[in-house]
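Novice: Please see the structure below; I have some questions.
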Amino acid sequence: MAPLYHRMFGMVRRSYSTWERSLSLGTLPPLGHRGLAVSARQPPPRFGLLFDIDGVLVRGRNPIPGAADAFSRLLGRDGKLAVPVVFVTNAGNCIRQARATELSSVLGVEICADQIILSHSPLRMFHQFHNKCVLFSGQGPVEEIAKDLGFNNIVTIDDLRTAFPLLDMVDHSRRPKNPPPICSDFPTIEAVVLVGEPVRWETSLQLILDVLLSSGRPSEWLSQVPHPHIPILACNMDLVWMAEAKAPRFGHGTFLVCLETLYHKLTGQELRYEALIGKPSTVTYSFAERLILSQAKERGWDTPIQTIYAIGDNPMADIYGANLYNRYLQSQQGNSRDSQPESCQSVLVCTGVYNGQGDVSPDTQESVTQTVFHGHRDFRLDPSLVEATHVVHDVGQAVDLVLMKEGWVSEDERVGSSTPKT
């Protein structure tokens, strides 16, 4: 995976250089609010905040108690956020504006689309695929999502099923009674993008494999398995996530496990990804960092951002990703640009996937055999990466902890029923 991530980091830097030039020329919409006046009591922020959403701020459609109050403590005297804030979620079944509108209602603070990073948001930087014929798998407004990301030639699973109805044969009730003629002018699919778990897994698994095994021409049958297969870009590797149910629910990572297992079972070869995006990918954290820095610049805060606090509920996604990115930042000390933060600290809350029970064994082999590691196949288990810098009860305590560490409130002023575990 190392060469892939070196290429992806280069892509992040190049794409954001263009993005920042556009910002300075005024050709992009503003990030958040202009002219934010930090109160006299507070210095300009030297830190930024990355919030996960599901399990930290909401569970399903229900706000987590105390989330709105926590954000009220981040407001300046003018009623606007007094620190750079970005929301980094592995959800991907909507567009950014829809999520921003939802969060604004939940938190009682105006959140703009440019503060939202969905699992698929970094695909905006993958320009080499934007004009290719790309199969998109997921749910929600898939075509709208793809167009918002910059893709121009989109094929959905429904499009593929309509063109080749004989391929989807698991559900007897959907089998065509009168077989239609074979579609001869369907475009060759050049890449596959997996933005999130689909509704009918059997249909999506079958048709995606048909595309991979036919080099993008599912009407044809190849005598040999094409190698390598056409590029796959996958977003959101979460095996499970937290909604209203008491136990975690299957996530897109579970769908990826099924796809990888079936491909290996059918071909004897491993499925390979052109890119894995979403937490814990370092590409996603690099994308978030640039939004934090651009947000601070837009608001006129000249003090360098030194620390990023990443607040999440999933040790295998939020904490692993934040710690992995912190490791990257440490490796860049002394040979990187001056504006890069010095560290990324992980803050684990107990209101979602993590409930304070069960630790990862320091024995890597034991962890693997006990299936403790829920991370993706292509990410190596390192127990230190799932050990949070701080563990607190909820997002309220997380915000209090950050403000106290940054000297914005004293210990006596800190709001919270119990002391965070650090």
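Read-outs: derived from the displayed coordinates by stated rules, not from any lab. Please read all numbers here as calculations on a predicted model, not as lab measurements. Every residue, glycine among them, receives a Cβ derived from its backbone with ideal geometry; neighbour counts consider all protein chains shown.
Novice: If you add up the charges near residue 97, with Lys and Arg at +1 and Asp and Glu at -1, over every other residue whose beta carbon is less than 11 angstrom from its beta carbon, what do you get?
Specialist: After counting each charged neighbour, the total is -2.
Novice: Can you compute the modelled spin-label distance between residue 332 and residue 183, with each label point 7 Å from Cα toward Cβ, in nm?
Specialist: Each label point lies 7 Å from its Cα, and together they span 4.2 nm.
Novice: Suppose a student asked you for the relative contact order of the stretch 164-257, using Cα pairs under 8 Å spaced at least 6 residues apart; what percent would you report?
Specialist: With pairs under 8 Å counted, the relative contact order is 25 percent.
Novice: In angstroms, what radius of gyration and Dmax does the stretch 68-125 have, counting Cα atoms only?
Specialist: Reported Rg and Dmax, both Å: 12.1, 37.
Novice: When the chain is fully extended, how far beyond the present Cα-Cα distance does residue 75 get from residue 61, taking 0.36 nm per residue of separation?
Specialist: Once the chain is fully extended between residue 75 and residue 61, it gains 2.6 nm.
Novice: Evaluate 2.2 N^0.38 Å with N set to the residue count of the stretch 247-317, then give the Cα radius of gyration divided by it.
Specialist: The reported ratio for this selection is 1.63.
Novice: Regarding the stretch 277-347, what whole-number volume in Å³ per residue does the convex hull of its Cα atoms give?
Specialist: 81 Å³
Novice: Among residues other than residue 113 whose Cβ falls under 9 Å from its Cβ, what is the net charge (Lys/Arg +1, Asp/Glu -1)?
Specialist: Taking every other residue near residue 113 into account, the sum is +1.
Novice: If I histogram all Cα-Cα distances within the stretch 192-324 using bins 5 Å wide from 0, what percent of pairs lands in each bin?
Specialist: With 5 Å bins starting at 0, P(r) equals 2, 9, 15, 17, 15, 12, 10, 8, 6, 3, 2, 1, 0.
Novice: Given points 7 Å out from each Cα along the Cα-Cβ axis, report the residue 175 to residue 405 separation in nanometres with one decimal.
Specialist: Inter-label distance under the simple model: 5.9 nm.
Novice: Along each of its three principal axes, how wide is the spread of alpha-carbon positions in the stretch 61-187, in whole angstrom units, largest first?
Specialist: 67, 36, 16
Novice: Let me ask something else about it. According to a simple spin-label model (label point 7 Å from Cα along Cα-to-Cβ), what is the distance in nm between residue 270 and residue 147?
Specialist: 3.9 nm
Novice: Here is a follow-up. Give me Rg over Rh for the stretch 153-222, both radii from the alpha carbons and Rh done the Kirkwood way, two decimal places.
Specialist: Dividing the radius of gyration by the Kirkwood radius yields 0.93.
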